[in-house]
Each structure stands twice: as structure tokens, then as C-alpha cells.
Amino acid sequence: MIPDCAISPIEHVDSVSVPVLLIHGRDDTVVPFEQSDVMLSALKRAGKSVEMVTMKHEDHWLSRSETRLQMLQTTVAFLKANNPPN
């Protein structure tokens with residue numbers, strides 16, 4: 001069995017070769033918000049291209065329509081900037 005820490009993304013920061021978009025609900029009760037902060041810091045320290053979007057008053061499932069729309073708009077803008085279709 002592979003230990004959980006071996007498959008954790010934080011253990012593979014040096015392997016990242018593409019821009020990363022982190023999106024995390026501030027009120028997430030499934031995954032602690034601090035995990036995204038730690039990942040953001042690790043990626044920045046490694047000199048990786050990373051952007052983080054904090055969804056205020058939002059949970060793990062992006063239950064509010066306003067934040068789902070914000071997430072989709074942010075994702076489209078990120079993809080257009082980092083992986084344009086043409």
C-alpha cells in the first residue's frame with residue numbers, strides 16, 4: 001500500500017510544469033482551507049506559475065450559484081490565458 005503522503009500533491013511540486021489554478025471555498029469543511037494556502041506557498045517557492053482564488057462564504061461543493069459562476073468565469077479566463085484555443 002502506498003502511504004497517503006506519497007501521493008499528496010504537495011510532495012510533487014517540483015514536477016509541476018504547467019500553470020496551476022487553485023480554487024477553494026473559505027468555509028470548506030471537507031478539505032481545510034489551509035491546505036490550499038500551503039500548496040500555494042510551496043508552488044511559489046518552487047518558482048511555479050500559480051493563481052489562487054478564494055471563494056468567500058463557500059463550501060466544498062460550491063453550493064451557491066454566485067460562486068459557481070465566479071469559479072466558471074475564473075476557470076475560463078485562466079484557460080484562455082494559459083492554454084488558448086488557437
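All of the numbers you see were taken from the coordinates with simple rules; none came from a lab. Source: prediction; values computed, not measured. As a convention, Cβ positions derive from the backbone with ideal geometry for all residues, glycine included, and neighbour counts pool all protein chains shown.
Counting pairwise Cα distances across the chain, what percent come out greater than 19 angstrom? For the chain, the fraction of Cα-Cα distances above 19 Å is 48 percent. What is the sum of charges, Lys and Arg at +1 and Asp and Glu at -1, for the other residues whose Cβ falls under 12 Å from the Cβ of GLN70? Charge balance in the 12 Å sphere: +1. Using only the Cα atoms, work out Rg/Rh for segment 44-86, with Rh taken as the Kirkwood radius, to two decimals. Dividing the radius of gyration by the Kirkwood radius yields 1.06.
Counting Lys and Arg as +1 and Asp and Glu as -1 over every other residue whose Cβ lies under 13 Å from the Cβ of LEU21, the net charge comes to +1.
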